[in-house]
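First the structure, in the form of structure tokens, and then the observations on it.
The values are calculated or read from the model by the stated rules, or taken from the named source; none is laboratory data. Owing to the predicted nature of the structure, the values given are computational and were not obtained by experimental measurement. Heads up, the Cβs are rebuilt from the backbone with ideal geometry, glycines too, and the neighbour counts pull from every protein chain shown.
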Amino acid sequence: MDHNDQHSHDAPHVVSYGQYVLIWLGLLALTGITVALAGIDLGRWVIVTALVIAAIKSTLVLNIFMHLKFEHRMFRWFVVIALATLAIFFILLFFDYAFH
Amino acid sequence: MKPSESAVHAGHHHRDDTGSKIGMWLFLFTELILFGGMFLAYAVYRLQYPNEFKLAAIELDALVGTVNTIILLTSSLTVALSITAIQEGKKHLAQIMLGMTQVLALAFLVNKYFEWSHKFEVGLFPQSDVLLSKPPGEIIYFGLYYVMTGLHAVHVIIGMAILAVMMGFIASGRIAKDNAVRLELGGLYWHLVDIIWIFLFPLFYLIH
């Protein structure tokens, strides 16, 4: 285990230029989709599709640009806990709002 | 033998990259909660005033928002590329990429400046007579718009300052091939600012 730690410490994962550019192209495509969808009247689904696309874009940025995919698993749990905390805020607030 | 290994063996100058990254991520979570609170306020008021939000959003120029989205996404790419460049020992390329990031960040702010000046010209600014004559939902929409995109713009400016320091560190050799963790931390901050915008953009510019 000690040896493994040393290894990951000394040799950080180097992401290739090509992979970064591919992710960037993906992000631009998703931006195009979100703008195009905004032109169509989807009624209640407008906000849902916009947020789903924003979530997909954020996942790409977190995993590749922010190296989460290549870090120790602990970092992913950190992010999950932080997002879950925020989600709890939203859920509690909406319960309060709905029953007011 | 790798440098950090030799440092450990020599018994001094221990570096803990993982520890540094944990610290940065913890800081980013406080930022998440800061903006998260504002997104909560947005959610409640949008539920309360769905039609006013739609009407007010017409005043925003979706094209400016789209251009700024493309600019920020590209600036995230150049920061990411600069990290790979430094990890491969290409100091010069890393500096060029960070320089491009600065130019893109500046372009984002210039767009924002013109966007806000236009709003001010037509009288749409906090406490203006034009705005106060509108229904409460629209006043709240513009209040949230100015606070949230304004705080985001402040983060862009702080990010530019951080990346300028990183460029200095690369020049002085404090950030180098075998010691790129500072640049990685600066990059994390920049990408967070990008993610915040990924949500601000559709929520303010693309409501129809």
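A few remarks follow.
- Qualifying residue in the stretch B:60-82 (condition: free of Cβ contacts under 8 Å to residues at least 60 places away in the same chain, among the hydroxyl-bearing types (Ser, Thr, Tyr) and closer than 21 Å to A:TYR20 by Cα): yes
- Selected residue [part of a helix (DSSP H, G or I), at pLDDT 95 or above, within 24 Å of A:VAL14 (Cα to Cα) and not hydrophobic (A, V, I, L, M, F, W, C)] from B:SER75, B:SER6: B:SER75
- Test result for A:HIS72, facing chain B (nearest Cβ under 9 Å) and touching a residue at least 60 places away in the same chain (Cβ under 8 Å): yes
- The condition of being within 30 Å of B:LEU63 (Cβ to Cβ) and surrounded by 14 or more Cβ atoms within 10 Å (Cβ to Cβ) holds for only one of A:LEU62, A:LEU83, that being A:LEU62.
- Restricting the stretch A:8-54 to residues that are in contact (Cβ under 8 Å) with a residue 24 or more places away in the chain, under 22 Å from B:VAL181 (Cα atoms) and hydroxyl-bearing (Ser, Thr, Tyr), the residue that is farthest from the other protein chains (Cβ to nearest Cβ): A:SER8
- Taken over the stretch B:176-196, the criterion of being more than 10 Å from chain A (Cβ to nearest Cβ) and over 16 Å from B:LYS21 (Cα atoms) is satisfied by B:ALA176, B:LYS177, B:VAL193.
- Within the stretch B:135-149, one or more residues are outside any helix (DSSP H, G or I) and not aliphatic (A, V, I, L, M).
- Residue within the stretch B:31-53 that is under 19 Å from A:VAL35 (Cβ atoms), outside any helix (DSSP H, G or I) and more than 11 Å from chain A (Cβ to nearest Cβ) present: no
- Every condition in (1) in contact with a Lys or Arg (Cβ under 6 Å, 6 or more places away or on another chain); (2) in contact (Cβ under 8 Å) with a residue 12 or more places away in the chain holds for A:VAL79 except the one numbered (1).
- Each residue in the stretch B:129-147 was checked for being surrounded by fewer than 16 Cβ atoms within 10 Å (Cβ to Cβ) and over 25 Å from B:ILE70 (Cβ atoms), and 7 pass.
- Test result for B:PHE114, closer than 20 Å to B:TRP190 by Cβ, at pLDDT 95 or above and among the aromatic types (Phe, Trp, Tyr): no
- Some residue of the stretch B:165-175 being within 14 Å of chain A (Cβ to nearest Cβ) and not small (Gly, Ala, Ser): yes
- Answer residue from the stretch B:110-122, given it is of a type outside the set (D, E, K, R) and over 16 Å from B:LEU55 (Cβ atoms) and is surrounded by the fewest Cβ atoms within 10 Å (Cβ to Cβ) among those: B:SER117
- Among (1) surrounded by 15 or more Cβ atoms within 10 Å (Cβ to Cβ); (2) at pLDDT below 95 - the single one B:ALA107 does not satisfy: (2)
- Qualifying residue in the stretch B:85-102 (condition: under 30 Å from A:VAL15 (Cβ atoms), charged (D, E, K, R) and touching a residue at least 60 places away in the same chain (Cβ under 8 Å)): yes
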